[in-house]
Structures are given as structure tokens and as C-alpha cells.
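See below for the structure under consideration.
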Amino acid sequence: MGRIALRNVTKAFGDVVVIPPLDLEIEDGEFVVFVGPSGCGKSTLLRLIAGLEDVSGGQITIDGEDATGSPPAKRGLAMVFQSYALYPHMSVRRNITFPLRMAGMDKAEQKRRVEAAADVLNLTDYLDRRPGQLSGGQRQRVAIGRAIVREPTAFLFDEPLSNLDAALRVGMRLEISELHERLKTTMIYVTHDQVEAMTMADKIVVLQAGRIEQVGSPLELYRTPRNQFVAGFIGSPKMNFITGEEAARHGAATIGVRPEHLDVSETEGEWSGVVGVSEHLGSDTFFHVHDTGLAETITVRASGEVGFRHGDRIHMTPRPDQVHRFGPDGLRIE
Amino acid sequence: MATRHSRGIARIMITPAVIVLLGWMLVPLVMTLWFSFHDYRPQRGIYECCVGFENYARFLGSSSFLKAVFTTLIMLGGSLGITVIGGIFLAILLNQPIWGQGIVRVLVIAPFFVMPTVSALVWKNMMMDPVNGILAHVWAAFGAEPVSWLTDVPLFSIIMIVSWQWLPFATLILLTAIQSLDSEQLEAAEMDGAGPVPRFVSIILPHLARAITVVILIETIFLLSIFAEIFVTTQGGLGTKTLTYLIYERVMESQNVGLGSAGGILAVILANIIAIFLMRIVGKNLDR
Ligand SMILES: Nc1ncnc2c1ncn2[C@@H]1O[C@H](COP(=O)(O)OP(=O)(O)O)[C@@H](O)[C@H]1O
Ligand SMILES: [Mg+2]
């Protein structure tokens, strides 16, 4: 079990309110990702759930029981920290068994669990090393191992991949997703990287300045962002926003079109501009288009290799059903 | 110092310092060694060469030698114990966010700046005096018989004075070590179900091991040569005669330079044995 609910939870450090009243339901077995720009309160929210910070108000329940005042150890949650927080003077084996030893579990069971975890995480050959002798990815796995042996009701991850290089990050992303498939335990995962959020989550919680902007599945957020912030945050490259006359023509204060929802042509189209920088990824090409009279730059994604060069005139047509309309308050207009 | 040229210059530049330091250390050491093989009693005009190991045999054979070694070790162990344990305790305390932290830290460090002679005098006359001392007043306030510190428990009293001087050093080193502990490690341990005591034992103490090693090694060097504190308080009486003080007595009071020098060389050997011994036990922390 691992159902977590926050009701009216607030957090202030002194006079600074980091989390204004906030409600959130996390279902058992879900993979929930908290995503938002740096400093928006993701870690704080996670630490409130973990019990490492006290709430300033509101209630946290875990599996229906009030956990607001319980100490971290009593909540049955396991956390993987950004710095891994391994114990440097203990071997990998002792790191992983630390929570079990603290719980006074018998030796045979400890051994069984460590070996099972090491097997899953490919750490069997490293059990007698110190964390200092491991690579970043291996340390990450030890931290995960230390979390899974406890068989917690939910896992909390705070930007666990941000210290890894790009290639390793993709690999670990898959491993964590696989782990979730296998364990089917609730996982709460914090990241500022919307790609991680989109690829891993069952449910994404988009945060800005401590407020929840939208909660939904990755595709819901992609297809129907509730407001302009979510629209701009989810999706890569970012959505193009256009204001002014062109927006008014669509009956909105701002319209948004994703780079992949613009059809390009050399000869004709609704909008046109001059190609600036182009980024060739092989499978796709991104053009940054200037002088459109609509916005400073418009990013366009074209599939495959398209023959526009710097300075060429390019014509673009938004797909009509893919134009997002936002009111003056930034909220979506259906 | 990357190139051969700059290395050459560097060598020339440090030569004067090396020569001065070598002279500074070697000349007294060689002189002590030289005198230790002489029967040299200047006031009686005796200066006889090459008495072999006679001085050493006399120094080692005297009943006061072994006693002095024991006294030295007790004083060393006692002061190390108090400063290290007290230092850890104070460092943890000072690491808490408290009001007026800066001032408290300066106050804690202050004793380190007081000269040994002065601090010994202050303790002797102001704190430990059985009639007018502050401790006597405290004892009296609780209706207890004031303790005559320097006559009843002289060795313990000196250990107290020395510890008071060296506690700031230990605290300072250990405080910086504690501050470098990653707070996420403590939080991880907390989530792993470790209470305050297991957290201290399994996380904080191992983290401090290196700093404790440094404190012990440095303090040992200085504590072995404690002199002023004994000279000012008990003058080596009442079982407080350390090796250093014994050597002083042999040279100054008995005017026997040869015997004192032999003692000095023995003290150097003893200090090295202790240092090697300590390095063995705790030094392995240093090469991690
Ligand atoms: N212990 C603290 N004391 C004061 N302010 C804090 C503390 N922890 C976090 N904050 C503030 O709360 C805000 C949110 O921080 P955090 O949750 O770490 O953001 P994120 O993890 O989303 O980058 C930041 O503005 C930060 O300065
Ligand atoms: Mg954070």
C-alpha cells in the first residue's frame, strides 16, 4: 500500500511562504513526478512528505492514517537523495543493510535481502567496496538498493539523476522505470527536467512557486495544458507563443503552437519568416525563424533533413486543431 | 613549479630556511647528545669526557624515572581524553543554530590565547585556592567541604588546567569537521530509522575520525613537554613530576648537565615511541 494525501499543506520558512495551501492525492502504485523550475518548492514538498521538514499547516495522510506529526522513520518511506547520501566509511553491503540493522532484523534475512537487491541492481561484485570506489551510476544504484531493501510503502526520489552524465541518465531512467514495473510500489520523483517527467511518469504534478499548476498524465499535459505556464514547460523545444492581432484572430489573448505542429513550405503558408539558426539532429531539424512579425523567434520542427539555410525565407502553417488558445489570465480557452 | 628551471630557483630560494631550521633543530640535539656522554657538572667544575652510558644507566636506574614516565602518560591520557570527548561535545553544541553563536564561539576559543604560565596562575589562585578560590565558594555554597585541589588531587588538578587550555583547540578542529558533514547523510540515516545515538555512532563519529586523529597527534606533541603548569602549581611535588620536569630538576637543581641531557635524549626516544604507537592506532584514519 502507498496512498498519500496532502490536505491544505503549507510550508513557510520564517516569513517566506514556500508552499501556499496545497492539496494532492497520490494513489497506490503510481509513479508521480513533481516537475517545475528550480526553486519552485519541489524538494520542500518532498521533504514535507518524508517528514524531514515539519508542515506549517495542513495534514498529510499515508494509507489513510494521519502522518503529519510522525517522525521520518515511522512513515515507512524511503528516500534517494540527490547527493546519494551514502555513508562513506561503510562498505556497499553495510550501506544497504543499514536500515535493516537499525530495524534489528536478523542476519540471515538481511543477507537474503542484500543479495536480492544487489542482483537486481547489478551490484553483486561491488558489495565489499566503499562508495568512494564506485562510479556515479553505481553509487546511485547503491542508494536505490538501500531504499528497496526496506520494502517501503513509497519511494521518494529527489533529482536522483542530475549528477550523472547524459548517457547514464537515460540508462538509469529506464532502470528506475523498470524497477517501478517490477515492484509496483508508489514512487514520487522530483525533477526539473520535463523530459524525465514525460518519459517516466504515470502522473505529472507541475509546480510553480509552490502552487500546483496542473496534475495529469504526460499526454494530458501535452495535449491540453491548463494554462500558459504548463504549455511552455511541457514539451521540447518549447511551445511558441504569439500575442497581438494574430491571437485575436483566433479569439484569444495568446495562442500557442508547438514546433512540431507547424507545417513548413518553401512557397506558401499562413506565416512566414527568415531562417536563423538551424539545429540538425538527423531525425529532425529545428529552425529558429525570425522576422515573422508575430513573435521574436518561432521554433519549427521539420522531420528529416529539410533544405533551408540561414537567411532563407520559410513559410509555416499551424495545424488548425493544434492551436492552443489562452485568455488574458493565461488560462486555457476551450 | 612545472619547469626544471623554476624548480631549480625554488630550491635555491628555500635553502636559507632549510639551513636555519636544520641548525635550529640539529645544534641543540647534537649538543644534548654530546653532553649526555659526559660527566658535566659546571658548578663543581667537573667536565669529564666519555663516561659511556653511565648517565643513561643512572637516569634509567633511578626510582623517579619510571614514576615520571607513568605520571607523564597519565597526564597525557587524561588531557587527551578530556579534550577529545569534551571537544566533540562542544563542537556538536556549537554547531546548533543558537542565538549569539559568533560570540559564544569566540569565548570558547579564548583560553587558547592565554599563556600557560598565566592560566596556571589564574587557576591556582583564582579557581582552586581552598580558601578564596571560586571553586571553594561553589563547594561552600552547596554546603560541602571545599576541596584543597592542588594538595589533595594535584595530578587531576593539573590535568584540568591543561585540558582547559587545549579544549578550544580540539573544539575548533572538530567543529570545522562537523560542519563539513553532509546534512543529507544525517537525514538519510534518520529516514533509515537511526535514532540520535546510532546516528552519532555510525555517522558523526566515523566522519570525525580523521579530525580526532589530528587533534590527538598535535596535542600529544605539545602535552609531552608541559612544564609551566607544573612549575607554577606543585613544582613537581605530590606525584606530578613528569619526565620533562624531572629533566629540568636534574639540570637546574642538581646542576648535573650530563644526567639531564641523557634524560633529554631518553625523552626524545619515548616521545617517538608514543608517536609511532599513536600513528599505528589512529594514523590509519589519515590515509583514507
Ligand atoms: N531551509 C530553508 N530555509 C529557508 N528557505 C528555504 C529552505 N529550504 C528551501 N528554501 C527556499 O524554498 C524555496 C524552494 O526550495 P526547494 O524546495 O529546494 O526548490 P526546488 O527543489 O524546487 O529547486 C527556495 O526559494 C528556497 O530558497
Ligand atoms: Mg531541489
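Observations on the model:
- Beta bridges per DSSP with both ends in the protein assembly as shown, % antiparallel, nearest 5: 75
- With Cα atoms as the point set, region A:104-158 shows a radius of gyration and Dmax of 11.5, 31 Å.
- Residues whose placed amide H lies under 5 Å from that of A:D263, excluding near-sequence neighbours: A:T317, A:R319
- The protein assembly as shown pair-distance distribution - Cα-Cα, 20 Å bins, rounded %: 14, 31, 27, 18, 8, 1
- Cα-Cα pairs of region A:237-326 separated by more than 20 Å (percent): 27
- Nearest-ten-degree value, helix B:4-36 long axis tilted from longest Cα axis of chain B: 60
- Beta bridges per DSSP, both residues in chain A: antiparallel share near 75 percent.
- Residue ranking by accessible heavy-atom surface, 1.4 Å probe, largest first, among A:E151, A:E213, A:E115 comes out as A:E151, A:E115, A:E213.
- For the protein assembly as shown, a simple Cβ point-charge model (Lys and Arg +1, Asp and Glu -1, everything else neutral) yields a dipole of about 2540 debye relative to the Cα centre.
- Of all the options B:E249, B:E145, B:E219, the one that moves most in a Gaussian network model of chain B with Cα springs shorter than 10 angstrom is B:E145.
- Counting heavy atoms of the protein chains alone, A:Y222 has an accessible area of about 50 Å² for a 1.4 Å probe.
- Along its principal axes, region A:1-136 has C-alpha extents of 47, 31, 26 angstrom, given from the largest down.
- Degrees separating the helix B:205-223 axis from the principal Cα axis of chain B, which is the longest one: 30
- Shown is the FRET efficiency for B:L181 and B:N125, computed with R0 = 51 Å from the Cβ-Cβ distance and rounded to the nearest 0.05: 0.80.
- Accessible-area value, B:R105, 1.4 Å probe, nucleic acids and ligands omitted, Å²: 70
- Efficiency of FRET between B:M13 and A:L183 - r from beta-carbon atoms, R0 60 angstrom, step 0.05: 0.40
- Taking label points 7 Å from Cα along the Cα-to-Cβ direction, A:L168 and B:F277 give a separation of 4.6 nm.
- Per residue solvent-accessible surface (Å²) - the protein assembly as shown, probe of 1.4 Å: 50
- Within the full protein context, the accessible area of A:K238 is estimated at about 130 Å² for a probe radius of 1.4 Å.
- Spin-label pair A:R101/B:W24, simplified geometry with 7 Å Cα→Cβ offset, distance in nm: 4.6
- Rough spin-label spacing in nm, given labels placed 7 Å along Cα→Cβ, for A:E151 and A:R319: 4.8
- Taking amide H positions as modeled 1.01 Å from N, with prolines and chain starts lacking one, the residues under 5 Å from A:V289 and 5 or more places away or on another chain are A:G276, A:I298, A:T299, A:V300.
- Loop-located trypsin sites (Lys or Arg not before Pro) across region A:133-192 with a Cβ neighbour count of 16 or fewer within 10 Å are A:K184, with loop assigned by DSSP.
- Choice from B:V118, B:V268, B:V138 with maximal GNM fluctuation in chain B (Cα, 10 Å cutoff): B:V138
- Calculated diffusion of chain B, Stokes-Einstein form, Kirkwood radius summed over Cα pairs, 4 °C and 1.567 mPa s, µm²/s: 58
- Nonlocal Lys pairs with alpha-carbon distance under 18 Å, the protein assembly as shown (8 or more apart, or different chains): 5
- Potential extension, B:T117-B:L93 segment - 0.36 nm per residue separation minus Cα distance: 5.7 nm
- Each of B:A68, B:Q179, A:A108 was scored by the projection of its Cα onto the charge dipole of the protein assembly as shown, and the greatest displacement toward the positive side belongs to B:A68; charges sit on the C-beta of Lys, Arg, Asp and Glu.
- Choice from B:V84, B:V104, B:V153 showing the highest fluctuation, given a GNM over chain B with Cα pairs closer than 10 Å: B:V104
- Taking 0.36 nm per residue of separation and subtracting the Cα-Cα distance, full extension of the segment from A:M1 to A:K238 would add 81.6 nm.
- Accessible carbon and sulfur surface of region A:47-97 relative to its total accessible area, %, 1.4 Å: 43
- Cβ-based charge dipole, chain B, positive-most Cα from B:W139, B:W164, B:M191: B:W164
- Largest to smallest in accessible area, the residues B:T72, B:T151 fall in the order B:T151, B:T72 (1.4 Å probe, all protein chains included).
- Calculated FRET value between A:A12 and A:K74, using beta carbons and R₀ = 25 Å, to 0.05: 0.55
- Adding -39500 (n - 2.57) for every DSSP H run of four residues or longer, then dividing by how many residues the protein assembly as shown holds, sets the calculated 222 nm ellipticity at -14500 deg cm²/dmol.
- Cβ-placed point charges (K, R +1; D, E -1), dipole of region B:25-287 about Cα centre in debye, nearest 20: 540
- Largest-first ellipsoid semi-axes for chain A, taking √(5λ) over the Cα gyration tensor eigenvalues, angstrom: 44, 25, 15
- Accessible area, probe 1.4 Å, largest first, for residues A:D291, A:D284: A:D291, A:D284
The values are calculated or read from the model by the stated rules, or taken from the named source; none is laboratory data. Only a predicted model underlies this, so the values are computations on that prediction, with no experimental measurement involved. Reconstructed Cβ throughout: ideal geometry from the backbone, glycine too, with neighbour counts over all protein chains shown. Accessible surface is based on the protein model in full, side chains and every heavy atom, while ligands, DNA and RNA are left aside. Shrake-Rupley method; radii C 1.70, N 1.55, O 1.52, S 1.80 Å.
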